[in-house]
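Presented below is the structure to which this report refers.
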Amino acid sequence: MAAVSVLPDRGSGGAAEAGNCTYSKSEGSLGVDILVDFSYADDQVFDNYAVTVMIGGEPYTLGLFDTAGQEDYDRLRPLSYPQTDVFLVCFSVVSPSSFENVKEKWVPEITHHCPKTPFLLVGTQIDLRDDPSTIEKLAKNKQKPITPETAEKLARDLKAVKYVECSALTQKGLKNVFDEAILAALEPPEPKKTRSFILPWLQTGSNVG
């Protein structure tokens, strides 16, 4: 079983984008219809979901753990880390502050608790990268959307397995995120005794303006 933990940075305002991720059978290698809602109420620390994905004709179960990113939960959040096989460190491509949190908060946190566990850097909300209204709001703060090239460089600098990006709204790239996470879990830095794996999804915020 593969488990995915979501660590939203509520200070940046953004569990919604990494949330509401919908898969369907038409997406390709999925064995079932999947609706993954990563949003959560303020009093929740962990939400759990399970989905099945087909890779090479073989089914893999992903356990999705939505983990609160507020500072109030800094001591509780790492409780989900010990069984983790792959982290998904997410940021919104239209939230420079969430991009900054990747290197300032989330990667240091996971490498402190799980230095040998691989992670993917995931850009979300790519449907807004070329949105005129979003670009205008960012420009008022002298900011721009994060480009794939900039994110790929950060992924290399932080030694992420790779950079991938997606849109929960259009589903573009969404299937690839989970496929790449599973592949990373199947080839961990050190051999695992079982094929069970956990993928915390670290969501660092999505507000703009």
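The values are calculated or read from the model by the stated rules, or taken from the named source; none is laboratory data. As the structure is a prediction and not an experimental result, all values here were calculated from the model. Quick reminder, even Gly has a Cβ in these numbers, built from the backbone with ideal geometry, and neighbours come from all protein chains shown.
Please state which one of Glu109, Glu100, Glu58, Glu104 is at pLDDT below 85 and acidic (Asp, Glu).
Glu58
For region 131-184, enumerate the residues that are of a type in the set (Asp, Glu) and buried (at least 16 other Cβ atoms within 10 Å of the Cβ).
Answer for region 131-184, where residues must be of a type in the set (Asp, Glu) and buried (at least 16 other Cβ atoms within 10 Å of the Cβ): Glu152, Glu165, Asp179, Glu180.
Taking helices (runs of 4 or more DSSP H) that do not extend beyond region 106-188, which have at least 1 residues that are within 15 Å of the chain's Cα centre (by Cα)?
The helices (runs of 4 or more DSSP H) meeting that bar are 107-113, 148-157, 174-186.
Does Asn141 count as among the polar types (S, T, N, Q) and touching a Pro at 6+ places or on another chain (Cβ under 9 Å)?
yes
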